[in-house]
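Engineer: Can you keep this structure in mind? I'll have questions shortly.
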Amino acid sequence: MATRQTLTLAKPDDWHLHLRDGEVMAAVLPQTTRCFARAMVMPNLHPPIATVEQAVAYRGRILAALPPGVRFTPLMALYLSDAFDAAQVAQASRSGCVHGVKLYPKGIATAGQPGVSAIERCYPALAAMEEHDLPLLVHGEVTSTLVDIFDRERTFLDETLAPLVARFPRLRIVLEHISTTEAVRFVEQAPPNVAATVTVHHMLMNRNSLFEGGIRPHHYCIPVLKRESHRAEVLRAATSGNPKFFLGTDSAPHLRHTKENACGCAGAFTAHAAIELYAEAFEMAGALDRLEGFASHHGADFYRLPRNTETITLERGQWPVAERIAVGEAGEIVPLRAGGTVAWRLCAAGAQPA
Ligand code: NCD
Ligand code: ZN
Ligand code: ZN
């Protein structure tokens, strides 16, 4: 079979994205809107987006920051806290703009963010979410310092997620940014209301990437990259065609000095080359024909939103990744593969590949 040179797919959506606010948002938004129609926007701002009013206002700021003429739909997620109650769930599900509620276990979050200290305190809100069919999005890691950092995800599955799925059998749950064989297995074996997002960095890189010739702060994210056997299994699941797995970049902008730091922030910025890097990953798995399901269909179907009707086209061809993305006066972001190359390129909208 001849090597494929182009690939046209329904316009994809990003089901896990950090846009931040202000200058950073203005700098990163065009990176996402160049190829994604919609994105589930994470609520971990300072302070977090915890109420419908805050989500509506944040959505307004995102729309106001869009480049002229660009069509893009931000889908909002609320930050779950112990204080979240059934009335707020009802309000969120009526709002039309809130599509999920995000659980960050306490201690995962950056300083100053509450997180959830004991999941039991959220049971009334979760029961209401199940009733209103409002999905729960989960950062699935325990935070106890007694649990090895590489075991944080799989321990969470046993301690928190399995009981949650059993207690709320109709609640739609998305396990975000899965990084382990155990998470793949958990999602595969769970009922259809449990799904997962997969980042491109967890598909392409193993934990050796953290120490390639020295310590690599731009490869540090949470969940931390795992050993090769886990990467291979995450790649296999994401490229298998199983509709439980869909695209969520977790593209997470941090200014360079906050990552290149004695206590560097967690997060990889991938929006600048997201769909192109996913194409690399799918090609690596010999599954380019399954990229469209993963990137453009499975997530929309899970969230019960219409599939996008526009298309994008990718063509084979190396292009150089910038060393830096400028952020107004504030500084710069170092994108994944900075100074390197990517093997697939996005054709300009409407352009026919050569
Ligand atoms: C995210 C961020 O920077 O907000 N960082 C990360 O490493 N994934 C937080 C998150 O997704 O948990
Ligand atoms: Zn997370
Ligand atoms: Zn994230």
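Engineer: Counting only other residues whose beta carbon sits under 15 Å from that of His230, what net charge do I get with K and R as +1, D and E as -1?
Structural biologist: 0
Engineer: Using R₀ = 25 Å, calculate the FRET efficiency as 1/(1 + (r/R₀)^6) where r is the Cβ-Cβ separation of Leu66 and His257; round to 0.05.
Structural biologist: Values: r = 28 Å, r/R0 = 1.11.
Computed FRET efficiency for Leu66 and His257: 0.35.
Engineer: Counting only protein heavy atoms and a 1.4 Å probe, tell me what percentage of the chain's accessible area is made up of carbon and sulfur.
Structural biologist: Carbon-and-sulfur percentage of accessible area, whole number: 53.
Engineer: Using helices alone, what [θ] at 222 nm do you get for the chain, with -39,500 (n - 2.57) per DSSP H run of 4 or more residues, divided over all residues and rounded to the nearest 500? Could the numbers behind the result be given before it?
Structural biologist: Numbers: 12 runs with 102 residues, N = 354.
Helix-only estimate at 222 nm: -8000 deg cm²/dmol.
Engineer: Name the residue, out of Ala287, Ala330, Ala77, whose mean-square fluctuation peaks in a Gaussian network model built on the chain with Cα pairs under 10 Å.
Structural biologist: Ala330
Engineer: Turning to a different aspect of this structure: In Å², and per residue, what accessible area does region 294-337 have when probed at 1.4 Å with the other protein chains present? Don't skip to the end; give the middle numbers.
Structural biologist: Values: 2180 Å² over 44 residues.
In whole numbers, region 294-337 has 50 Å² accessible per residue.
Engineer: What does the charge count near Asn44 come to, summing +1 for each Lys or Arg and -1 for each Asp or Glu among other residues with Cβ under 10 Å from its Cβ?
Structural biologist: For residues surrounding Asn44, the net value is +2.
Engineer: Please report the relative contact order for region 44-136, taking Cα pairs under 8 Å with a sequence separation of at least 6, and give it as a percent rounded to a whole number.
Structural biologist: After rounding, I find 31 percent.
Engineer: Follow-up. Probe of 1.4 angstrom, ligands and nucleic acids ignored: what's the accessible area per residue over region 109-151, in square angstrom?
Structural biologist: Accessible area per residue, region 109-151: 44 Å².
Engineer: Now for a different question. Using every Cα-Cα pair within region 184-255, state what percent have a distance larger than 16 Å.
Structural biologist: Cα-Cα pairs in region 184-255 separated by more than 16 Å: 51 percent.
Engineer: Taking K and R as +1 and D and E as -1, what net charge do the other residues with C-beta under 15 Å from the C-beta of Pro306 add up to?
Structural biologist: +2
Engineer: May I pose another question? Keeping all protein chains in place, calculate the accessible area per residue for region 162-277 (probe 1.4 angstrom), answer in Å².
Structural biologist: 34 Å²
Engineer: Give me the distance between the Cα centres of region 301-322 and region 222-267, rounded to whole Å.
Structural biologist: One Cα centre to the other: 19 Å.
Engineer: Compute the relative contact order of the chain as a whole-number percentage, counting only Cα pairs closer than 8 Å that sit 6 or more residues apart in sequence.
Structural biologist: Computed value for the chain: 19 percent relative contact order.
Engineer: Helix 123-132: angle to the longest alpha-carbon principal axis of the chain, degrees 0 to 90, nearest 10?
Structural biologist: 60 degrees
Engineer: Near the amide H of Gly317, under 5 Å away, which other amide H atoms are found, from residues 5 or more places off or on another chain, if H is placed in the peptide plane?
Structural biologist: The list, which skips near neighbours in sequence, is Trp344, Arg345.
Engineer: So for the pair Glu188, His46, with labels modelled 7 Å out along Cα→Cβ, what separation do we get in nm?
Structural biologist: Each label point lies 7 Å from its Cα, and together they span 4.1 nm.
Engineer: While we're looking at this one, here's another question. Of Met25, Met203, Met129, which has the largest mean-square fluctuation in a 10 Å C-alpha GNM of the chain?
Structural biologist: Evaluated over the chain, the most mobile residue of the options is Met25.
Engineer: Additional query: Loop-only GluC sites (Glu not before Pro) in region 239-343, please: DSSP not H, G, I, E or B, and at most 16 other Cβ atoms within 10 Å.
Structural biologist: Glu260, Glu310, Glu323, Glu329
Engineer: Here's another thing I want to ask about it. Restricting things to Cα coordinates, could you compute the convex hull volume per residue of the chain in Å³?
Structural biologist: Convex hull volume per residue, Cα atoms: 137 Å³.
Engineer: Then there is this: Tell me the relative contact order for region 3-100 as a rounded percent, counting alpha carbon contacts under 8 Å between residues six or more apart. List each step's numbers first, then the result.
Structural biologist: Working: 125 pairs, mean separation 27.8, N = 98.
About 28 percent, as a whole number.
Engineer: Of all DSSP beta bridges located in the chain, what percent are antiparallel, nearest 5?
Structural biologist: Roughly 35 percent of the beta bridges in the chain run antiparallel, per DSSP.
Engineer: Where a Cα-Cα gap under 22 Å defines reach, which lysines qualify for Lys102, not counting those fewer than 8 residues away within the same chain?
Structural biologist: Lys244
The values are calculated or read from the model by the stated rules, or taken from the named source; none is laboratory data. Just so it is clear, the structure is predicted and the values come from calculations on it, not from any experiment. FYI the Cβ positions are ideal-geometry reconstructions off the backbone, even for glycines, and counts take in every protein chain you see. Heavy atoms of the whole protein, side chains included, go into the accessibility calculation; ligands, DNA and RNA do not. Shrake-Rupley method; radii C 1.70, N 1.55, O 1.52, S 1.80 Å.
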